[in-house]
Amino acid sequence: MEAEIRAEFESSGFSIGGAGPEDAAQILSTLLSYCINYKFSPADLVSNWEVYYLNRQLDGLKLERSYLDGFLSHLQNEVKERLIEEEANLHVYSSNDVDMLLNNSHADEAAFLDTPGSKQEKLPGESSSTELTPLTSDRPSSSREAKTNGCHITPFATRVNKFTQQYVLNSDNAASMPSKREAETTEDELIRRIQPSQRCSLQVQRSQPEPGCRFMYDRMEDRFNYLEDRIRKSATLFSASGLCGEPADATLASEEKMFAVGMVTCDGEGRLNEKSILLQGSAEHSRGERVRLDLKDLDHFSLFPGQVVGIEGHNPSGHCFVASKLIDLIPVSVGAQLPSAKKQAVDNGSHHQNSDAGTLSRALSSVIAAGPYTTTDNLLFEPLQELLAYACRKQPQLLILMGPFIDSDHPVMKKGTVDQTFHDIFYFEVLRKIQDFTQYLGNTVCVILIPSIRDAHHDFVFPQPAFDLNLPEDITHQISSLANPSFFSSNQIHFGCCTVDILKQISGEEISHKPPNGKPGDRIGGLATHILKQQSYYPLYPPAAGVPLNFSLAKEALEISLTPDVLLLPSDLAPFVKVLSLGEGRDDQKQFICLNPGRLAKGIGGGTFVELYYNEDTSRTNASIIRI
């Protein structure tokens, strides 16, 4: 079984070893014990290692002895979560439970029960919950969970290290960025550079499908047309770029070098590996037939199912295409622009906006967060309340909130013990709080809500229409809902957003090979650039389990026709803010910012969000990952 474990790691691009061969044998023996003790197959073990590797952002592709202790802790947590899911009423005791039982005296318990939840520790200048949400007092009876916990201090309320910065992008240029301690007590001068009275512009370039769209009517023809369209359009772009020859049929036997365009597929139902890679051509060039790919002559590559690539090589036998060059960056169309009618509206709106703002073109302060917005032990939405209080102090021009808002994976939702509809919970616990927030700040702030397929109160389809908010007319210009995915601009800064966890899904399917002596690459950065290289918010095919991809709606909604300045990809992976490049080493190299704000709530504790100040370009832009 040790040989199977080694082979599985190597097929995923990882090597096992240390200073000598005896280290590799000892590591394999340890991994074997993990498989036996926790009943993992080699494939399961490698999948867990990839998640641990990405979350820890480890360097290199070698599994060393120093990583084993941390990996063991990760496996133990996975097993514990699996047990909890299997037995909903099972509680796994930890050291925190023991400390709580040992330290709680009767006097402490009495004080604890006597302390109202409204007396939570607040930051200086922070508004209380009653100041922020005066309208929520007239809501109907909330869930039993919220009623029960309303008079107790929750674990989230007693958290430490509030609003501390975990990472700062371009910190050398942020002279006025506060330190971790100052962030809790002073105004952020970085955000205050733009006066609160200057409202940002907002133009929506793409937000499809529309609310009320018809879905669940997919046909096999829709699936075929979507895939065929992607391959045919990519072949046209490769041909028009002049960098490659005319696409040929890769399935035909030929000793001459040829160039082919097709989609990467797997010859079975398992994970992709070097022996199972097939190239599926278009119906136009190869009648949609597939041919096996031989990548032994390539020193590096990164492939996943559904990826459209251009490949140069030859097919001597007619059964296997031997690749000598692989291009995974689909060329951008020469005339790639925003839709003509909407582009005109953007230009007019921007001109009007900037006539008042003067020199404030392409400058924007924003706060960005992704759900869940409440902890798993209640439905009080305390993390959302804290985030809005933070935004009240900092007064950003734009607040971007991405789903899930009413998380279908929340334990209370799964049990069905709430006495309100999901729509009522969204309206009274989320939307009312956001309305109060905008009324508190006046017309100086814009709020954007983007749904998730995990939202229990919304359409379970991807692409996903925007929320139908039915807001009062006097506030509709401040609170907007966009589709998932969507493309919009604010102060001439282009944003692209997709709330499906495509990063995690591609990471589980990708196969990559690096040069033997090559420098370790940025794995997460590589996953993010796949999205823009493929010009699609969801290039993975077949879609991951649980993703309700509707091919009849996907053609225009998932297309990325223009590279955004900021790409928002919320994920369960570790939060990050990165400056990435497309077309590295070329004259037309394009830099953009990609960020994952993390989840605002994690279990019974707080998570993270991102504060972004975009200033003209990536080199002068500052961003912070902040713990709630």
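The values are calculated or read from the model by the stated rules, or taken from the named source; none is laboratory data. Here the structure is a predicted model, which is why all the values come from computation and not from measurement. Please note: Cβ atoms are built from the backbone with ideal geometry, for glycine as well, and neighbour counts cover all protein chains shown. Accessible surface areas use protein heavy atoms only, side chains included; no ligands, DNA or RNA. Shrake-Rupley method; radii C 1.70, N 1.55, O 1.52, S 1.80 Å.
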Restricted to segment 328-381, and to residues that are β-branched (V, I, T) and at pLDDT 90 or above, which residue is surrounded by the most Cβ atoms within 10 Å (Cβ to Cβ)?
T374
Confirm whether S619 is at pLDDT 95 or above, part of a strand (DSSP E or B) and over 15 Å from the mean Cα position of the chain (by Cα).
no
Selection over segment 200-228 where residues are out of contact with any Phe, Trp or Tyr (no Cβ under 6 Å at 6 or more places or on another chain), buried (at least 17 other Cβ atoms within 10 Å of the Cβ) and among the polar types (S, T, N, Q) yields a count of 4
Extreme residue, farthest from D459 (Cα to Cα), among residues of segment 229-264 that are open to solvent by less than 20 Å² (accessible area, probe 1.4 Å) and part of a helix (DSSP H, G or I)
F238
Any chance segment 265-284 includes a residue that's within 24 Å of E559 (Cα to Cα), open to solvent by 40 Å² or more (accessible area, probe 1.4 Å) and not in a strand (DSSP E or B)?
yes
Members of segment 303-328 found to be polar (S, T, N, Q) and closer than 30 Å to E221 by Cα, listed by number:
Q307
When you look at V412, is it part of a helix (DSSP H, G or I), without any contact (Cβ under 8 Å) to a residue 60 or more places away in the chain and either in contact with a strand residue (DSSP E or B) (Cβ under 9 Å, 6 or more places away or on another chain) or under 30 Å from G546 (Cβ atoms) (or both), yes or no?
no
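Within the group S481, S490, which residue is polar (S, T, N, Q) and open to solvent by less than 10 Å² (accessible area, probe 1.4 Å)?
S490
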Number of positions in segment 467-478 that are among the aliphatic types (A, V, I, L, M) and buried (at least 23 other Cβ atoms within 10 Å of the Cβ):
0
Residues (open to solvent by 10 Å² or more (accessible area, probe 1.4 Å), among the aliphatic types (A, V, I, L, M) and not in a loop (DSSP other than H, G, I, E, B)) located in segment 533-583:
L549, L553, V579, L580, L582
Residue list for segment 40-71, filter: of a type outside the set (S, T, N, Q), farther than 15 Å from L28 by Cβ and open to solvent by 30 Å² or more (accessible area, probe 1.4 Å)
A43, D44, V51, R56, L58, D59, L61, D69
Are any residues in segment 15-33 closer than 23 Å to E509 by Cα and surrounded by 18 or more Cβ atoms within 10 Å (Cβ to Cβ), and if so, which ones?
I16, L31
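Each row is one residue, and each column tells you yes or no for (1) modelled with pLDDT under 95; (2) assigned to a helix (DSSP H, G or I); (3) more than 28 Å from K394 (Cα to Cα).
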position	(1), (2), (3)
Y440	yes, yes, no
L449	no, no, no
D468	yes, no, yes
V500	no, no, yes
Looking only at segment 378-425, filter to residues that are within 24 Å of the chain's Cα centre (by Cα) and among the hydroxyl-bearing types (S, T, Y); which one of those is nearest to V610 (Cα to Cα)?
Y390
Going residue by residue through segment 146-163, is there one that turns out to be surrounded by 16 or more Cβ atoms within 10 Å (Cβ to Cβ), in a helix (DSSP H, G or I), at pLDDT below 50 and of a type in the set (G, A, S)?
yes
Tally of residues being over 30 Å from Q492 (Cβ atoms) and touching a Ser or Thr at 6+ places or on another chain (Cβ under 9 Å) across segment 543-568:
0
Exception for K433 within (1) in a helix (DSSP H, G or I); (2) surrounded by fewer than 20 Cβ atoms within 10 Å (Cβ to Cβ); (3) touching a residue at least 24 places away in the same chain (Cβ under 8 Å); (4) not small (G, A, S) falls at (2)
